[in-house]
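The values are calculated or read from the model by the stated rules, or taken from the named source; none is laboratory data. Here the structure is a predicted model, which is why all the values come from computation and not from measurement. Note that we place each Cβ from the backbone using ideal geometry, even for glycine, and neighbour counts take in every protein chain shown.
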2 protein chains.
Amino acid sequence: MRNICLTLSYDGSDFSGWQTQPGFRTVQETLETAVARLGGSAIRANASGRTDAGVHAVGQVVNFYTDLTIPIDKLAKAINAYLPPDVVVRSAEDVPQSFDANRDAKCKLYRYVIHDGAVPDVFMRRHCCHTRRRLDVTAMARASASLLGRHDFHSFETEWPNRMSSVRTIMHLEVRRMDDLIWLDVEADGFLYNMVRAIAGTLMNVGRGYWPESEVASILRAEDRRRAGPTAPAQGLFLMRVTYER
Amino acid sequence: MRNICLTLSYDGSDFSGWQTQPGFRTVQETLETAVARLGGSAIRANASGRTDAGVHAVGQVVNFYTDLTIPIDKLAKAINAYLPPDVVVRSAEDVPQSFDANRDAKCKLYRYVIHDGAVPDVFMRRHCCHTRRRLDVTAMARASASLLGRHDFHSFETEWPNRMSSVRTIMHLEVRRMDDLIWLDVEADGFLYNMVRAIAGTLMNVGRGYWPESEVASILRAEDRRRAGPTAPAQGLFLMRVTYER
């Protein structure tokens, strides 16, 4: 059996997330169905991680074992022929048998996109979170600095404890404005459930002037989800990139 | 009665164009219904021009007469409260009784957006025309130069003759590439039916290398629609701006 690794992009708007759930339209099932139409045995697609309903991916990474013999340089195009317009395979490669897109992921980069123009942008409405109040990005960037590095992120985790440990390392965190768009980039060795969206909701409260910049460090120390801001809407979140040591 | 002028933005994907047609979802009817919910007599929205099914607007201009007394600085927000997420009023102003958004338009700027990346962009798929073959933008720009100025655009008009005259003046025409996106901007004193989309389809044939650059001038001279390229898909077309002498 070959082990194939795909980089996928999807618009999460009309998906109930990555993971197959009977009765719902999911990316996993959509991909598995498309590959099945090429022939070969049924596959099980293994993603770097699940994305929730409404969350988008620019660079989700997936692997699966298959007996398909289609040459690798033809495979992305072949799968794309059977995918709906809101999912696309950007690249495909043959990888060693041992490669596991989930287990071997070293870090992931998520981007949260906020639009704070006076009127919503009809073209971006499914791909950002709109807020009418202008945000103070300088304050958000300064406040976010306390999250950098290795911390217990209990305060930014929905329904914790979900995992053995909520200690994670954020190696990169950046808040940038381009006109009416704000990008919050967070790269970490792993993410807790709703972690980026809780960070976004918290930083938005700082940007709105509800909270002082110092509040974020204090929320982090509290290890209490009730202290952080609301979980920002799914439609603003993009899985941008997954990094592997290869 | 006040005469109100609105600048509207809409995502045309889920609309059967601007103009009211029984049984179809149109921008005109959606706007008129939203304004009706504010009270006052029924209005009739008069746009700078119709846009076809699937065509978008960044800056459509509309006027209507109303007995509403809502202050002008509150009006856009009030209408937006009743509009669906794919239409938004960007601004509203009181204009002289004589102003007519259609008759008084001096020129309009349309943009046609083409994406020629190797794989379609899932996030832009409703707002551009994707073509897998890389286009030669330099050739398209050179070929387009022959369309500048005052000409009979019969060759770029669907089902002509629709009008008394198909002579129009293109005062600005530009083809630009930004990474995998190509913007074709056309500003003219008026447009024939499907004119920008016929120009886009024609220039794409030049960009693909099917036709030499000189073909565009020859098509223009022929005054024969069968000579030009296909009408490019509606989803790539945006009404950007309407200019008035005021």
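The residues of region B:126-160 that are in contact (Cβ under 8 Å) with a residue 24 or more places away in the chain and within 14 Å of another protein chain (Cβ to nearest Cβ), listed by number, are B:Arg126, B:His127, B:Cys128, B:Cys129, B:Arg133. The residues in region B:99-131 that are touching a Cys at 6+ places or on another chain (Cβ under 7 Å), buried (at least 19 other Cβ atoms within 10 Å of the Cβ) and in a loop (DSSP other than H, G, I, E, B) can be counted, and the count is 1. Total residues in region B:181-200 satisfying the condition of being assigned to a loop (DSSP other than H, G, I, E, B) and surrounded by fewer than 17 Cβ atoms within 10 Å (Cβ to Cβ): the figure is 1. Report whether or not A:Thr138 is assigned to a loop (DSSP other than H, G, I, E, B) and either at pLDDT 95 or above or outside the structural domain of A:Met171 (by TED's automatic domain parsing) (or both). Against the criterion (assigned to a loop (DSSP other than H, G, I, E, B) and either at pLDDT 95 or above or outside the structural domain of A:Met171 (by TED's automatic domain parsing) (or both)), A:Thr138 does not qualify. Might you check whether a residue that is surrounded by fewer than 18 Cβ atoms within 10 Å (Cβ to Cβ), under 24 Å from A:Ala105 (Cβ atoms) and among the polar types (S, T, N, Q) occurs anywhere in region A:232-244? Yes, there is a match, as at least one residue in region A:232-244 is surrounded by fewer than 18 Cβ atoms within 10 Å (Cβ to Cβ), under 24 Å from A:Ala105 (Cβ atoms) and among the polar types (S, T, N, Q).
Of the residues B:Leu38, B:Leu83, B:Leu75, which single one is part of a loop (DSSP other than H, G, I, E, B), crowded, with 20+ Cβ neighbours inside 10 Å and outside the structural domain of B:Ala234 (by TED's automatic domain parsing)?
Details: B:Leu38 fails: crowded, with 20+ Cβ neighbours inside 10 Å; B:Leu75 fails: part of a loop (DSSP other than H, G, I, E, B).
From the options B:Leu38, B:Leu83, B:Leu75, the qualifying one is B:Leu83.
Across region A:1-32, the number of residues qualifying as under 13 Å from the mean Cα position of the chain (by Cα), surrounded by 21 or more Cβ atoms within 10 Å (Cβ to Cβ) and more than 14 Å from chain B (Cβ to nearest Cβ) comes to 1. The residues of region A:1-35 that are under 20 Å from A:Gln235 (Cβ atoms) and assigned to a loop (DSSP other than H, G, I, E, B), listed by number, are A:Asp11, A:Phe15, A:Ser16, A:Gly17, A:Trp18, A:Gln19, A:Gln21, A:Phe24, A:Arg25, A:Thr26. Taken over region A:221-237, the criterion of being outside any helix (DSSP H, G or I) and not hydroxyl-bearing (Ser, Thr, Tyr) is satisfied by A:Glu223, A:Asp224, A:Ala228, A:Gly229, A:Pro230, A:Ala232, A:Pro233, A:Leu237.
Number of residues in region B:59-81 that are over 18 Å from the mean Cα position of the chain (by Cα) and within 14 Å of chain A (Cβ to nearest Cβ) equals 9.
The requirement of being aromatic (Phe, Trp, Tyr), modelled with pLDDT of 95 or more and not in a helix (DSSP H, G or I) is fulfilled somewhere in region A:201-220, by at least one residue.
Applying the condition of being without any contact (Cβ under 8 Å) to a residue 40 or more places away in the chain and farther than 19 Å from A:Gly12 by Cβ to region A:99-124 and asking which residue is farthest from the other protein chains (Cβ to nearest Cβ) yields A:Arg103. Across region B:86-98, the qualifying residues are those that are more than 14 Å from chain A (Cβ to nearest Cβ) and touching a helix residue (DSSP H, G or I) at 6+ places or on another chain (Cβ under 7 Å), and the one among them that is surrounded by the most Cβ atoms within 10 Å (Cβ to Cβ) is B:Glu93.
Only one of A:Leu192, A:Leu184, A:Leu109 is within 25 Å of A:Ala53 (Cβ to Cβ), within 15 Å of the chain's Cα centre (by Cα) and modelled with pLDDT under 95; which?
On the way: A:Leu184 fails: modelled with pLDDT under 95; A:Leu109 fails: modelled with pLDDT under 95.
Step by step, each of A:Leu192, A:Leu184, A:Leu109 is checked, and only A:Leu192 is within 25 Å of A:Ala53 (Cβ to Cβ), within 15 Å of the chain's Cα centre (by Cα) and modelled with pLDDT under 95.
Selection of region B:207-218 for residues being surrounded by fewer than 24 Cβ atoms within 10 Å (Cβ to Cβ) and of a type in the set (A, V, I, L, M) yields only B:Ala217.
Of the set (1) modelled with pLDDT under 95; (2) assigned to a strand (DSSP E or B), all apply to A:Thr158 but (2).
Going residue by residue through region A:45-58, is there one that turns out to be surrounded by fewer than 14 Cβ atoms within 10 Å (Cβ to Cβ) and within 14 Å of another protein chain (Cβ to nearest Cβ)?
To start, the set of residues in region A:45-58 that are surrounded by fewer than 14 Cβ atoms within 10 Å (Cβ to Cβ) comprises none.
Taking every residue of region A:45-58 in turn, none turns out to be surrounded by fewer than 14 Cβ atoms within 10 Å (Cβ to Cβ) and within 14 Å of another protein chain (Cβ to nearest Cβ).
The requirement of being in contact with a Lys or Arg (Cβ under 7 Å, 6 or more places away or on another chain) and among the polar types (S, T, N, Q) is fulfilled somewhere in region B:168-179, by at least one residue.
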